[in-house]
């Protein structure tokens with residue numbers, strides 16, 4: 001017999017060789033009908049995998065993230081089989097599950113796949129799925145695996161296998177199809193009821209521009225047709241909210257090929273919006289005891305060698321800038337933290353002077369592959385709302401909790417109320433990915449978990465998601481479309497103080513290492529604004545939106561009164577403009593609606609004679625005629641109800 005520990009801590013006995021599906025049936029038939037994936041002792045297994053030793057078992061359904069991952073990975077196999085049958089000679093490479101759906105990279109013998117081919121691929125894949133073929137894993141020797149794919153002439157799979165150790169290679173079979181695979185599948189193809197091919201794109205083999213370009217087929221699947229219908233409706237709404245589209249319509253930012261890919265240009269309205277966000281955070285930071293600093297856009301290569309950034313990211317970053325001086329090299333700044341370490345190092349500190357909290361809106365540069373660039377969410381130059389806190393170990397807990405408070409204030413004020421806190425820790429199986437001692441990592445991870453518990457956060461622990469120098473707390477926010485984004489991060493770091501030899505004099509008159517907290521509530525200004533655009537659909541909070549009101553004179557003879565109204569708005573610090581074009585009021589209203597302007601102030605004969613404005617709210621609500629003073633009070637009240645001070 002073996003003992004199986006379930007997530008609730010209960011332990012059940014089973015005969016050796018029992019499968020996760022049999023465990024599910026022992027709990028309830030309803031659970032067994034819904035289970036599609038499992039994890040045993042932190043390893044993904046099939047529902048049909050025999051369990052031969054004591055361990056912990058987690059069962060997943062479609063409602064779980066891991067369940068969806070297995071579902072979409074399994075569908076990638078089904079679609080790969082469809083592509084093999086529809087395109088003889090196609091060479092398969094890799095087909096992982098992604099955040100929403102899956103993709104499969106293929107090398108087509110000739111021609112290409114276009115949108116008109118999608119229905120044919122979907123139909124063939126669904127035909128395969130209806131066969132209810134079991135997914136079955138089997139071990140394969142390295143020699144047999146190489147022979148199988150060499151006979152197929154698939155050099156991509158051969159390359160993958162050559163980098164694997166004998167004894168660790170597995171194939172997955174279903175129907176007549178076989179693929180190199182590590183596992184993690186649903187029980188059979190019949191569980192997949194709806195498949196949609198979403199798009200195709202070019203992708204270099206293994207992300208290397210010097211290697212062959214493949215065709216990447218993106219898709220998604222669901223256990224019910226209704227789920228697919230709802231998802232497609234959501235996609236349509238997402239297209240309307242695309243920050244690239246809204247950014248253009250609202251005249252916030254642009255890109256120029258002459259300036260360079262991934263380097264956004266902020267237009268006046270976008271620059272003003274950024275400035276308001278910065279001032280909002282600066283005001284809260286000042287209350288929280290931060291001091292603003294400014295650091296250069298470049299630094300000597302040696303700075304990033306010391307920090308460890310060059311060893312980790314140097315090859316994939318912008319290449320060094322060489323000066324006329326021999327052997328002198330600079331890098332575009334990829335991170336602000338090494339610079340802040342050097343600011344701390346400018347003079348000795350006593351424990352009585354800590355914590356020191358340095359904040360900066362610092363622009364950094366990272367070379368992203370051109371195929372990975374996407375509007376403002378993935379760029380090559382971006383500004384972080386960065387800060388670094390240098391504190392004693394005894395201060396760490398309180399400082400970390402206060403940063404959580406600041407992050408929650410930022411997210412809450414901007415309407416991101418639905419979130420999960422993710423504690424990102426090391427991947428214990430790949431220690432080479434990280435710097436620093438195991439002891440320091442354990443202390444840092446525990447400090448974050450303790451703070452999350454004490455603040456009552458709904459948190460999950462994700463292995464392998466830590467930064468290379470320390471664990472972190474990420475805020476995973478759910479937007480208006482139900483999508484999840486990482487917004488804001490707090491990291492505990494014992495390693496950079498060690499590498500930069502940072503010290504302070506303790507109460508014992510001995511020198512000690514401070515602990516460093518990295519934090520960025522926005523993350524990056526570019527990405528945050530992009531996600532805020534899509535979350536709000538361009539209907540920014542009233543205090544933040546570029547134009548809060550627009551004055552619409554009914555005719556030319558009311559333009560002077562319109563200017564008087566605008567002057568009153570400006571005197572009350574309300575951002576407004578006049579549309580005095582020779583167009584109908586109806587057309588002006590429609591265009592103001594498209595520009596997401598919160599209030600339209602229509603002024604005509606009666607308004608001028610009574611010194612009022614006729615107020616229409618964005619969306620069509622008619623607020624009627626009111627005095628300019630009352631309107632200004634309305635705006636002020638709405639802003640104050642939203643924009644409360646930090647810790648108010």
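Odds and ends about this structure:
- Residue in region 560-576 that is touching a helix residue (DSSP H, G or I) at 6+ places or on another chain (Cβ under 6 Å), in contact (Cβ under 8 Å) with a residue 24 or more places away in the chain and under 30 Å from residue 240 (Cβ atoms) present: yes
- Which listed residue, of 417, 385, is under 17 Å from the mean Cα position of the chain (by Cα), buried (at least 20 other Cβ atoms within 10 Å of the Cβ) and at negative phi: 385
- Single residue of 207, 247 found to be more than 19 Å from residue 62 (Cα to Cα) and loosely packed, with under 12 Cβ neighbours inside 10 Å: 207
- Top-ranked residue of region 15-27 - restricted to ones that are under 37 Å from the mean Cα position of the chain (by Cα) and over 13 Å from residue 187 (Cβ atoms), ranked as surrounded by the fewest Cβ atoms within 10 Å (Cβ to Cβ): 27
- Residue within region 106-115 that is under 29 Å from residue 167 (Cβ atoms) and surrounded by 15 or more Cβ atoms within 10 Å (Cβ to Cβ) present: yes
- Verdict on residue 539 being within 30 Å of residue 615 (Cβ to Cβ), surrounded by fewer than 19 Cβ atoms within 10 Å (Cβ to Cβ) and in contact with a helix residue (DSSP H, G or I) (Cβ under 8 Å, 6 or more places away or on another chain): no
- Meets criteria (modelled with pLDDT of 95 or more, touching a helix residue (DSSP H, G or I) at 6+ places or on another chain (Cβ under 7 Å) and farther than 20 Å from residue 469 by Cβ) for residue 419: no
- Selection status of residue 375, in contact with a strand residue (DSSP E or B) (Cβ under 7 Å, 6 or more places away or on another chain) and within 30 Å of residue 254 (Cα to Cα): no
- Within region 280-303, the presence of a residue that is surrounded by fewer than 16 Cβ atoms within 10 Å (Cβ to Cβ), within 22 Å of the chain's Cα centre (by Cα) and assigned by TED's automatic domain parsing to the domain that holds residue 406 is excluded.
- Looking across region 394-430, the residues that are in contact (Cβ under 8 Å) with a residue 12 or more places away in the chain, over 18 Å from residue 472 (Cβ atoms) and part of a helix (DSSP H, G or I) come down to 395, 409, 413.
- Qualifying residue in region 339-357 (condition: outside any strand (DSSP E or B), touching a helix residue (DSSP H, G or I) at 6+ places or on another chain (Cβ under 8 Å), over 30 Å from residue 244 (Cβ atoms) and modelled with pLDDT under 90): no
- Screening the candidates 348, 355, 320 for the property of being in the same structural domain as residue 285 (by TED's automatic domain parsing) and without any contact (Cβ under 8 Å) to a residue 24 or more places away in the chain yields one hit, 320.
- Of the residues making up region 445-456, those that are crowded, with 18+ Cβ neighbours inside 10 Å and either at pLDDT 90 or above or out of contact with any helix residue (DSSP H, G or I) (no Cβ under 9 Å at 6 or more places or on another chain) (or both) number 4.
- Subset of region 481-521 [in a loop (DSSP other than H, G, I, E, B) and more than 15 Å from the chain's Cα centre (by Cα)]: 494, 500, 501, 502, 503, 506, 507, 508, 509, 510, 513, 514
- Criterion applied to 39, 12 was being in a strand (DSSP E or B) and crowded, with 17+ Cβ neighbours inside 10 Å, and the one residue passing it is 39.
- Any hit, region 48-57, residues being touching a strand residue (DSSP E or B) at 6+ places or on another chain (Cβ under 6 Å) and either in the same structural domain as residue 460 (by TED's automatic domain parsing) or within 29 Å of residue 218 (Cβ to Cβ) (or both): no
- Considering residues of region 62-96 that are under 24 Å from the mean Cα position of the chain (by Cα) and free of Cβ contacts under 8 Å to residues at least 40 places away in the same chain only, the residue surrounded by the most Cβ atoms within 10 Å (Cβ to Cβ): 68
- Answer from 497, 514 - the residue that is assigned by TED's automatic domain parsing to the domain that holds residue 421 and touching a helix residue (DSSP H, G or I) at 6+ places or on another chain (Cβ under 7 Å): 514
The values are calculated or read from the model by the stated rules, or taken from the named source; none is laboratory data. Just so we're clear, the structure is a prediction, and the values are computed from it rather than from any experiment. Glycine also receives a Cβ, built like all others from the backbone with ideal geometry; neighbour counts cover every protein chain displayed.
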